Amino acid sequence: SNDRPSGDSAQARSQSDAAQPSTTPTASTALNDGAASELDRRIQDRLARTGESALGERLQERLAPPTKAAPTTITADAPPASFLGLRSGSAGSIVYVVDASGSMIGTLPIVLNELDRSLRKLSPSQRYAVFFFQRNGVLPSAASELVAATPAAIDATLAWARRDVRPSGRSNPLAAMERSLALRPDVVFLLSTAITGSGEFEVSRDELLKRLDAVNPLDATMGRRPTRIQCVQFLDPDPLDTLLQIAERHGGADGFRFLSRSTLGLEPSQP
């Protein structure tokens, strides 16, 4: 099950969640009262009370194991890769593309813990890269090219992410997706709260799908694309189902997962 809400329940949940904060605190520090919504403060309180490791354990318990392996990709003899309940087939090269907009304040530590878990399951024979997207661009990264998944490389990537990635503002994923697909990886794991963005950084769903089709075209003879794109809709439902459509076009039937605030145990308590 993708734990994906629909209809009135999705709309009600979307309306009940708090607005995005407007400042740029680090992911590891508490939010000040003027910068965070009430829900984000509650998330921070939950993190302080239970600890990130406890939330990570709860998340692992709630992530249903894959019912089957996804179809193999280009590198048929490589091990698989997994991230937040998604599982690729054989993947010699993996790229993670992660939302770093303000909507990730308070929950980015959870995602980084899962990134840590995913990277450390890779073998040194596999290669990886990590992109965080924010506004119209990509944050400068310690792993912006495919590198061997050695313990030293993974340590450096995670240290950079935990030190330097500061969620803020809105975001547009196109630059990050185009850079990731230019590497021609076997699989891309894409995580976002609102993939089409808003305001000056908004991109239409149709434009996003069109651009992805252009840079990751379907080979009609082989019946597949150069890269599989598997998607995580994080925290809030998307009424446009953009990530679901990306996954259906580029990632296959089992290439999508919705992780709600309820799944993460981050729903605000009732008064």
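The values are calculated or read from the model by the stated rules, or taken from the named source; none is laboratory data. For clarity, every value in this text was computed on a predicted model and none was experimentally measured. Positions of Cβ are backbone-derived with ideal geometry, glycine not excepted, and every protein chain shown enters the neighbour counts. The area values use the complete protein model at the heavy-atom level, side chains included, leaving out ligands, DNA and RNA. Shrake-Rupley method; radii C 1.70, N 1.55, O 1.52, S 1.80 Å.
Tabulated values for the structure
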| read-out | value |
| --- | --- |
| Selected residue (only one of 166, 179, 162 is crowded, with 19+ Cβ neighbours inside 10 Å, more than 14 Å from the chain's Cα centre (by Cα) and part of a helix (DSSP H, G or I)) | 179 |
| Residue list for segment 120-140, restricted to those being in contact with a strand residue (DSSP E or B) (Cβ under 7 Å, 6 or more places away or on another chain) and assigned to a strand (DSSP E or B) | 127, 128, 129, 130, 131, 132, 133, 134, 135, 138 |
| Output for segment 79-137, where each listed residue is among the charged types (D, E, K, R) and open to solvent by 10 Å² or more (accessible area, probe 1.4 Å) | 87, 116, 117, 120, 121, 127, 135 |
| Counted residues, segment 164-175 - those being at pLDDT 90 or above and of a type in the set (A, V, I, L, M, F, W, C) | 1 |
| Matching entry among 235, 212 (being over 15 Å from the mean Cα position of the chain (by Cα) and closer than 16 Å to residue 191 by Cβ) | 212 |
| Residue tally, condition outside any helix (DSSP H, G or I), within 19 Å of residue 163 (Cα to Cα) and not polar (S, T, N, Q), over segment 87-119 | 7 |
| Filter result (small (Gly, Ala, Ser) and either exposed (fewer than 14 other Cβ atoms within 10 Å of the Cβ) or under 19 Å from residue 113 (Cα atoms) (or both)) within segment 146-159 | 149, 152, 153, 156, 159 |
| The lone exception for residue 143 - which of (1) assigned to a loop (DSSP other than H, G, I, E, B); (2) open to solvent by 20 Å² or more (accessible area, probe 1.4 Å); (3) modelled with pLDDT under 90 it fails | (2) |
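A quick yes/no check of all residues on (1) open to solvent by 10 Å² or more (accessible area, probe 1.4 Å); (2) of a type in the set (Val, Ile, Thr); (3) within 26 Å of residue 148 (Cα to Cα); (4) outside any strand (DSSP E or B):
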position	(1), (2), (3), (4)
175	yes, no, yes, yes
188	no, yes, yes, no
195	no, yes, no, yes
213	yes, no, no, yes
222	yes, no, no, yes
226	yes, no, yes, yes
229	no, yes, yes, no
240	yes, no, no, yes
243	no, no, no, yes
